[in-house]
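S.K.: First the structure, then my questions, so here it is.
The values are calculated or read from the model by the stated rules, or taken from the named source; none is laboratory data. Values in this document were obtained by computation on a predicted structure and should not be read as measured data. Backbone-built Cβ (ideal geometry, glycine too); neighbour counts: all protein chains shown. The accessibility values were calculated without ligands, DNA or RNA, using every heavy atom of the protein model including side chains. Shrake-Rupley method; radii C 1.70, N 1.55, O 1.52, S 1.80 Å.
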Amino acid sequence: MELDRLDRDIIAALVDDARQTYADIGQQVGLSASAVKRRVDRLRETGAITGFSARVSPQALGWTTEAYVELFCQGKTKPSDIALAVARFPEVVAAATITGEADALLHIRATDVRHVERVIERIAAMAFVVRTKSSIVLSRLVDTPAGAAVAQPRNESTASG
């Protein structure tokens, strides 16, 4: 779906605070509350907006340690098999196939380093895993919520000129 400037501004306002009223968003973007509602409804119908949720601090839930774990798998392990296997672990908050030597990258949140270690041991014991390589996060430097980057993508060759 093609998003215009107003759609992007409305999405940015919702990402910032999805609990604000259509009137508040309308004041920010220069539309009436009813026009904002019509656009939000259309954005939901087309799948540009997939839902609304609360962002909760992982630390508030006791998840104070996080790690990124590269998975190296046997032969031609299917991504769907990896996804099915790692989805069983509540500590795995994201998983993706990646380029490079590793087959997949897992993002793990846990209560402490020992908890991360236990999760990695259980993942490494899966039949298709040859080895893992992990990195513990020391501090987050940038942490943009999903969907917050709604600006129009820029062509890098023209952005630096």
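S.K.: Restrict the check to segment 73-92 and report whether at least one residue is of a type in the set (Gly, Ala, Ser) and in contact with a strand residue (DSSP E or B) (Cβ under 6 Å, 6 or more places away or on another chain). Please lay out each step first, then the result.
M.R.: From segment 73-92, those of a type in the set (Gly, Ala, Ser) are 75, 80, 83, 85, 87; that's our starting set.
Now restrict to residues that are in contact with a strand residue (DSSP E or B) (Cβ under 6 Å, 6 or more places away or on another chain): none.
The answer is no; no qualifying residue exists.
S.K.: Could you list, in sequence order, the residues of segment 1-47 that are assigned to a loop (DSSP other than H, G, I, E, B), under 16 Å from Pro145 (Cβ atoms), within 21 Å of the chain's Cα centre (by Cα) and not acidic (Asp, Glu)?
M.R.: Ala18, Arg19
Conditions (1) open to solvent by less than 20 Å² (accessible area, probe 1.4 Å); (2) within 18 Å of Ala127 (Cβ to Cβ); (3) modelled with pLDDT of 95 or more; (4) among the aromatic types (Phe, Trp, Tyr), marked per residue:
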{"site": "Glu66", "(1), (2), (3), (4)": "yes, no, yes, no"}
{"site": "Lys76", "(1), (2), (3), (4)": "no, yes, no, no"}
{"site": "Pro79", "(1), (2), (3), (4)": "no, yes, yes, no"}
{"site": "Ala110", "(1), (2), (3), (4)": "yes, no, yes, no"}
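S.K.: Name the one entry in Leu84, Leu31 that is exposed (fewer than 12 other Cβ atoms within 10 Å of the Cβ) and of a type outside the set (Gly, Ala, Ser). Before the answer, list the steps.
M.R.: Values: Leu31 fails: exposed (fewer than 12 other Cβ atoms within 10 Å of the Cβ).
Of the residues listed, the single one that is exposed (fewer than 12 other Cβ atoms within 10 Å of the Cβ) and of a type outside the set (Gly, Ala, Ser) is Leu84.
S.K.: If Ala104 satisfies every condition in (1) open to solvent by 50 Å² or more (accessible area, probe 1.4 Å); (2) under 17 Å from Val119 (Cβ atoms); (3) touching a Pro at 6+ places or on another chain (Cβ under 8 Å); (4) not charged (D, E, K, R) but one, which is the exception?
M.R.: (1) is the only condition that Ala104 fails.
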